[in-house]
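The values are calculated or read from the model by the stated rules, or taken from the named source; none is laboratory data. Source: prediction; values computed, not measured. Cβ: placed from backbone, ideal geometry, glycine included. Neighbour counts: every protein chain shown.
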């Protein structure tokens, strides 16, 4: 019975996502409303500032590695990268992407290349735009402190997995008078970001970038599916507590 | 929706790997796929290292601000890469006779123990200072309910950790700090982890349903 729970959970989640996508596509469907997240509301301003001031936008995928437990966080970062680099690519100085993982770097390079290709500006694409800043979390954090000043960065968006090294980045951003929007899948890091970053995403908001920035149908649908599943899991926890208390 | 070969391969491998967790017959295939992914990730680390060298080589070539640091980085990287191989000089150079081989040799251990660990520890110390400054800066932000709650919880938790000077009565800060750390903080962390877990599943399903294609098209 217990071993069946996981596949049932995944299948129900997938069905809910497909149902919500279908509901969004039906004729006369109202645009889906999502609650305001301050950090995502300020994102267009940060991107706009980078373009207007002729500076770069710095997008960081954090120090997590693709292929490990942080893979989903890195993918969330890549989604945001794809959405905002399309707008930032028109700047005189194209955005730079930093990571501490070779695989994430290759995926980021591919994402950037696709964005430039879609804009018929492949000649402006530079493979060095996506780079490994350091191969360990602490060397990654230390390297980012100089990246902001050396690369003339207007704002930083960090979406990915990170630990306490993010404080080095956010403090450097404060000194350089640039804004930082940051999110991590680590609850302890989220607390650090709440204190140090200009805009911090809390909880699963890290994975909501695609729904908020470009209203991608599948991303919006997955947000609704997450809400339903959260209710189901919450109800299951309460029922479990009640059942355990009664049968004790 | 146009599906290309890369998309079909990625979805198929993803599905088989996922099913491998639920179906014992697919376990071996899942383990094999994960092993291949591990090998590819190891190759990606080497590519990442060359990327790091390339970026800093360009910085040195262009003379961009901070280029001397790039020289230090490149030299350090090359030195650390060379250290494990120096044991092979043992038969010819007496100094390297008991040097050892691989990443656990004398040189690598020395660099790890006296350079990397020391620098890492000092950076951690720096983070504590930055956090204190950030905490002070936080009080100058517009006071919102969440911020007030955060500041109160942090202050009570910190005061609860301080040993009371002799003679001062215990007003219950230690108990309150402990309760904050063990009940609301743990409950909140579990709620956040639950949300993150749901986000991870949603992200994985979007990849499996080809809505997200981080592997290119």
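Across the range B:10-37, what is the number of residues that are more than 18 Å from residue A:66 (Cβ to Cβ) and under 27 Å from the mean Cα position of the chain (by Cα)? Step through it out loud before you land on a result.
Restricting attention to the range B:10-37, the residues satisfying the condition of being more than 18 Å from residue A:66 (Cβ to Cβ) are B:12, B:15-16, B:19-29, B:31-32.
Now drop any that are not under 27 Å from the mean Cα position of the chain (by Cα), which leaves B:21, B:31-32.
Final tally of qualifying residues: 3.
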Restricting to the range A:196-217, and then to whatever is surrounded by fewer than 22 Cβ atoms within 10 Å (Cβ to Cβ) and farther than 20 Å from residue B:202 by Cα, can you tell me which residue is nearest to the other protein chains (Cβ to nearest Cβ)? A:198
Of all residues in the range A:1-42 being in contact with a helix residue (DSSP H, G or I) (Cβ under 8 Å, 6 or more places away or on another chain) and not in a helix (DSSP H, G or I), which is modelled with the highest pLDDT? A:37
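Here is a yes/no grid of residues against (1) in contact with a helix residue (DSSP H, G or I) (Cβ under 6 Å, 6 or more places away or on another chain); (2) in a loop (DSSP other than H, G, I, E, B); (3) loosely packed, with under 13 Cβ neighbours inside 10 Å; (4) within 13 Å of chain A (Cβ to nearest Cβ):
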position: B:107; (1), (2), (3), (4): yes, no, no, no
position: B:125; (1), (2), (3), (4): no, no, yes, yes
position: B:154; (1), (2), (3), (4): no, no, no, yes
position: B:157; (1), (2), (3), (4): yes, no, no, yes
position: B:163; (1), (2), (3), (4): no, yes, yes, no
position: B:195; (1), (2), (3), (4): yes, no, no, yes
Exception for residue B:111 within (1) within 12 Å of chain A (Cβ to nearest Cβ); (2) farther than 30 Å from residue A:194 by Cβ falls at (1)
Filtered residue count, the range A:83-107, keeping only those that are within 14 Å of chain B (Cβ to nearest Cβ) and more than 14 Å from residue A:157 (Cα to Cα): 9
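Every residue in the range B:8-23 that is within 13 Å of another protein chain (Cβ to nearest Cβ) and either surrounded by fewer than 17 Cβ atoms within 10 Å (Cβ to Cβ) or in contact (Cβ under 8 Å) with a residue 60 or more places away in the chain (or both), please.
Within the range B:8-23, the subset within 13 Å of another protein chain (Cβ to nearest Cβ) is B:10-11, B:13-15, B:17-23.
If the condition is that a residue be within 13 Å of another protein chain (Cβ to nearest Cβ) and either surrounded by fewer than 17 Cβ atoms within 10 Å (Cβ to Cβ) or in contact (Cβ under 8 Å) with a residue 60 or more places away in the chain (or both), then B:10, B:11, B:13, B:14, B:15, B:18, B:19, B:21, B:22, B:23 are the ones that fit.
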Test: residue in the range A:126-133 that is crowded, with 24+ Cβ neighbours inside 10 Å, touching a strand residue (DSSP E or B) at 6+ places or on another chain (Cβ under 8 Å), more than 30 Å from residue B:81 (Cβ to Cβ) and within 9 Å of another protein chain (Cβ to nearest Cβ): no
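Can residue B:35 be described as within 27 Å of residue A:132 (Cα to Cα) and either facing chain A (nearest Cβ under 9 Å) or surrounded by 15 or more Cβ atoms within 10 Å (Cβ to Cβ) (or both)?
Working: within 27 Å of residue A:132 (Cα to Cα): yes; either facing chain A (nearest Cβ under 9 Å) or surrounded by 15 or more Cβ atoms within 10 Å (Cβ to Cβ) (or both): no.
Judged against the criteria, residue B:35 is not a match.
This table checks each residue for (1) in contact with a helix residue (DSSP H, G or I) (Cβ under 7 Å, 6 or more places away or on another chain); (2) at the interface with chain A (Cβ under 9 Å from one of its Cβ atoms); (3) closer than 30 Å to residue B:153 by Cα.
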{"position": "B:176", "(1), (2), (3)": "yes, no, yes"}
{"position": "B:181", "(1), (2), (3)": "yes, no, yes"}
{"position": "B:186", "(1), (2), (3)": "no, no, yes"}
{"position": "B:203", "(1), (2), (3)": "yes, yes, no"}
{"position": "B:211", "(1), (2), (3)": "yes, yes, no"}
{"position": "B:215", "(1), (2), (3)": "yes, yes, no"}
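If we only count helices (runs of 4 or more DSSP H) wholly inside the range A:141-248, which ones have 3 or more residues that are in contact (Cβ under 8 Å) with a residue 60 or more places away in the chain and more than 30 Å from residue B:70 (Cβ to Cβ)? Steps first, please.
Working: elements: A:166-175, A:187-196, A:209-213, A:217-247.
Fully inside the range A:141-248 and qualifying: A:209-213, A:217-247.
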If I ask for residues that are surrounded by fewer than 11 Cβ atoms within 10 Å (Cβ to Cβ) and assigned to a helix (DSSP H, G or I), which ones from the range B:83-94 would you list? B:94
